[in-house]
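A.B. asks: Handing you a structure now.
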Amino acid sequence: MSAASPFTANCDGAASTGVLYMNAEVEPSAAVNPLNPTNLIAAWQQDRWSNGGSHGLVTAASFDGGHGWTRSVPTVSVCGGGSAANGADYQRASDPWLAFAADGTAYLLSLSFSGATLASTSASAMLVLRSSDGGQTWGAPQTLNRDGAGVLNDKGAIGADASDAHYVYATWDRLLADGSGPTWFARTSDGGASWEPARAIYDPGKGNQTLGNIPLSLPDGTLLVVFTEYDVVAGGVAGLLRVIRSTDRGANWSAPITIANEQSTGVRDPNTGTLVRDGAGLPSIAADASGTVYVAWQSSAFSGGARDAIALAHSGDAGATWSLPVRASGALAAAAFTPNVRVRGDGLIGVGYYDLRYNQPSTGVFQADYWLASSLDGASFTDTHVSGPFPLDRAPNAEGLFLGDYQALVSSGNEFLPVFVTSRDDPANRTDVYVAFW
């Protein structure tokens with residue numbers, strides 16, 4: 001799906017620090033048009049930097065169910081044509097997120113920023129763009145929120161209302177220098193023509209933060225935001241998977257409801273100890289046609305804290321109460337990481353993830369594979385091997401070996417389409433984005 005970078009090495013025009021991994025694509029998002037299930041869009045970071053972000057974002061549109069793709073460059077950074085005049089004069093872009101509204105309009109959210117995190121010269125913003133032609137072209141960026149020094153807008157996600165195309169929702173965490181990070185929210189009620197002022201909808205308190213906020217609109221009209229909350233406690237930090245609910249399209253919100261303890265431990269190369277920057281602390285959420293909600297995350301609870309597996313919990317009452325977590329990943333003896341959950345049109349539950357079951361430390365190459373676990377009942381799962389093994393130790397190192405803080409899993413009719421990154425033994429082209437069909 002991905003190809004050679006459309007950018008040049010110095011396209012940002014700045015004396016950037018860090019290591020630039022040209023042609024490295026990471027962290028894909030994907031969405032399917034509800035009016036035309038053969039129309040898919042994917043987006044990813046292009047040319048990842050070691051110390052955060054990328055030259056820009058690239059999107060790809062398909063009109064044949066994911067077999068052929070046409071790429072384009074949205075205006076979310078200087079390398080992508082951003083300037084002060086169009087409100088996108090940022091050195092780097094990150095965290096792409098895609099959604100289709102009920103009328104077939106596509107939305108792309110970007111974290112665009114300049115300068116080092118929380119530095120005196122830094123700036124970060126959440127930008128949203130619209131497409132009315134299935135993702136082939138994108139309109140001008142609209143700024144949902146922008147901050148300067150001492151604040152980082154981070155980990156954004158966008159979701160459309162399940163039935164009313166006028167409403168689209170964006171969420172993110174807004175991190176302050178003291179470690180605080182409330183959940184921020186913005187919505188449009190006129191199909192993206194304008195956006196209401198962004199605001200905090202949940203604040204866990206000074207020094208505590210939320211992470212990985214994702215909005216999900218259910219068929220009954222309930223709007224959920226799922227996140228991990230990290231609270232400073234005696235002796236360390238406690239992580240909780242939580243959700244807040246709105247029954248009036250985001251005007252008012254409930255108190256947080258706890259799904260489970262987060263309990264991720266992270267993944268490392270057993271030969272070198274190099275950290276894998278995986279999806280620890282970042283939940284994935286999906287719902288079926290009846291409104292049953294599923295949340296997946298990394299958790300070491302199934303091995304007594306020894307290694308991460310993929311946990312899944314569900315709610316049959318629009319997020320008010322939750323089941324006990326079950327293990328969705330197949331090989332408990334090997335670490336599993338970076339899950340995505342989706343429910344197919346026929347009700348089959350799918351969870352995409354990476355794991356290390358085929359890694360052989362004696363080879364000196366750190367290898368991973370991509371898998372798809374499926375279930376009819378959300379309790380027992382069957383694994384399908386999708387891709388690999390591939391050399392994970394060749395991935396860009398961005399505070400850890402980096403394929404993306406998240407990957408993507410969508411469905412078109414009765415077919416799952418994982419959209420994911422694998423690495424390769426080529427310093428000039430370390431990673432690529434792929435789509436599979438199942």
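A.B. asks: Count charges around F416 for me, please; just the other residues with Cβ under 15 Å from its Cβ, Lys/Arg as +1, Asp/Glu as -1.
C.D. replies: Numbers: positive: R342, R344; negative: D288, D346, D383, E415.
Taking every other residue near F416 into account, the sum is -2.
A.B. asks: Set the Förster radius R0 to 25 Å, insert the Cβ-Cβ distance between N51 and A177 as r into 1/(1 + (r/R0)^6), and round the FRET efficiency to 0.05. Numbers along the way, then the final one.
C.D. replies: Details: r = 18 Å, r/R0 = 0.72.
Approximately 0.90, to the nearest 0.05.
A.B. asks: Of (i) 64, 51, 50; (ii) 54, 52, 50; (iii) 71, 42, 38, which one was derived for Cα extents along the principal axes in Å from the structure shown?
C.D. replies: (ii)
A.B. asks: Here is a further query. Mind checking the dipole of the chain: about its Cα centre, +1 per Lys or Arg Cβ, -1 per Asp or Glu Cβ, Debye to the nearest 20? Write out the running numbers ahead of the final one.
C.D. replies: Numbers: 23 positive and 40 negative charges, 78 e Å.
Charge dipole of the chain: 380 debye, to the nearest 20.
A.B. asks: Also, quick follow-up: Measuring from centroid to centroid over Cα atoms, what is the spacing of the range 44-117 and the range 318-369 in Å?
C.D. replies: Cα centroid of the range 44-117 versus Cα centroid of the range 318-369: 27 Å apart.
A.B. asks: Also, I was wondering about something else. As I understand it, the dipole of the chain uses +1 on the Cβ of Lys and Arg and -1 on the Cβ of Asp and Glu, about the Cα centre. Which of Y90, A102, I244 lies farthest toward its positive end?
C.D. replies: Value computed over the given set: Y90.
A.B. asks: Would you mind classifying the range 292-362 by shape? Square roots of the alpha carbon gyration tensor eigenvalues, ordered a ≥ b ≥ c; an a/c under 1.5 is rounded, otherwise it is prolate if a/b is larger than b/c and oblate if not. Let's see the in-between values first.
C.D. replies: Details: a/c = 3.44, a/b = 1.72, b/c = 2.00.
Oblate, because a/c is 1.5 or more while a/b does not exceed b/c.
A.B. asks: For the range 414-438 and the range 178-229, compute the distance between their C-alpha centroids and round to whole Å.
C.D. replies: For the range 414-438 versus the range 178-229, the Cα centre distance is 30 Å.
A.B. asks: Let me ask something else about it. Students often check this: by mean Cβ neighbours within 10 Å, which of 301-309, 422-430 ranks highest, and how do the rest follow? Intermediate results must be reported in sequence, preceding the final value.
C.D. replies: Numbers: 301-309: 17.7, 422-430: 16.0.
Packing proxy ranking, top to bottom: 301-309, 422-430.
A.B. asks: Given a Förster distance of 35 angstrom, what is the FRET efficiency for D425 paired with L348, based on the Cβ-Cβ distance and rounded to 0.05?
C.D. replies: Values: r = 35 Å, r/R0 = 1.00.
The calculated FRET efficiency here is 0.50.
A.B. asks: Report the one residue of L129, P37, G65 whose Cα lies farthest in the direction of the positive end of the charge dipole of the range 1-129 (charges on C-beta: Lys and Arg +1, Asp and Glu -1; origin at the Cα centre).
C.D. replies: Farthest along the dipole direction, towards plus: L129.
A.B. asks: Still on this structure, I have one more. So what is the relative contact order of the chain, in percent, for Cα pairs below 8 Å that sit 6 or more residues apart?
C.D. replies: Details: 1367 pairs, mean separation 50.1, N = 438.
Here the relative contact order equals 11 percent.
A.B. asks: How much length is gained on full extension from N10 to E399, taking 0.36 nm per residue of separation minus their Cα-Cα distance?
C.D. replies: Between N10 and E399, full extension yields an extra 137.8 nm.
A.B. asks: Taking the chain as a Gaussian network, Cα atoms linked when under 10 Å apart, which of L324, L312, L223 shows the biggest mean-square fluctuation?
C.D. replies: L324
A.B. asks: Classify the range 274-433 from the C-alpha gyration tensor, please: rounded if a/c falls under 1.5, else prolate or oblate depending on whether a/b exceeds b/c. Display every interim value, and only then the final one.
C.D. replies: Working: a/c = 2.05, a/b = 1.62, b/c = 1.26.
Note, shape of the range 274-433 comes out prolate.
A.B. asks: With a ≥ b ≥ c the root eigenvalues of the C-alpha gyration tensor of the range 229-295, is it rounded (a/c under 1.5), prolate (a/b larger than b/c) or oblate?
C.D. replies: Oblate, because a/c is 1.5 or more while a/b does not exceed b/c.
A.B. asks: Just subtract the alpha-carbon distance of H385 and T121 from 0.36 nm times their residue separation and send over the number in nm, one decimal. Working shown, then result.
C.D. replies: Values: separation 264, 0.36 × 264 = 95.04 nm, distance 4.58 nm.
Gain on extension, H385 to T121, equals 90.5 nm.
A.B. asks: Oh, and also: Once the other residues with Cβ under 14 Å from the Cβ of N252 are scored (Lys, Arg +1; Asp, Glu -1), what is the net sum?
C.D. replies: Numbers: positive: R187, R199, R245, R249; negative: E196, D248.
Residues near N252 contribute +2 overall.
A.B. asks: Using a 10 angstrom cutoff on alpha carbons, build the Gaussian network for the chain and name the most mobile of A193, A177, A280.
C.D. replies: Residue with maximal mean-square fluctuation among A193, A177, A280: A193.
A.B. asks: Of V73, V237, V410, which is the most mobile in a GNM of the chain whose springs link Cα atoms less than 10 angstrom apart?
C.D. replies: Per the Cα network of the chain with a 10 Å cutoff, V237 tops the list.
A.B. asks: Another question about this same structure. How much net charge surrounds W297 when only other residues with a Cβ under 12 Å from its Cβ are counted (Lys, Arg +1; Asp, Glu -1)? Write down the numbers at each step before the final one.
C.D. replies: Details: positive: R242, R327; negative: E262, D278, D308.
Within the 12 Å Cβ shell, the charges total -1.
Every number in this text was worked out from the coordinates using simple rules, so none of it is lab data. Just so we're clear, the structure is a prediction, and the values are computed from it rather than from any experiment. Cβ coordinates were reconstructed from backbone atoms using ideal geometry, including for glycine residues, and neighbour counts include every protein chain displayed.
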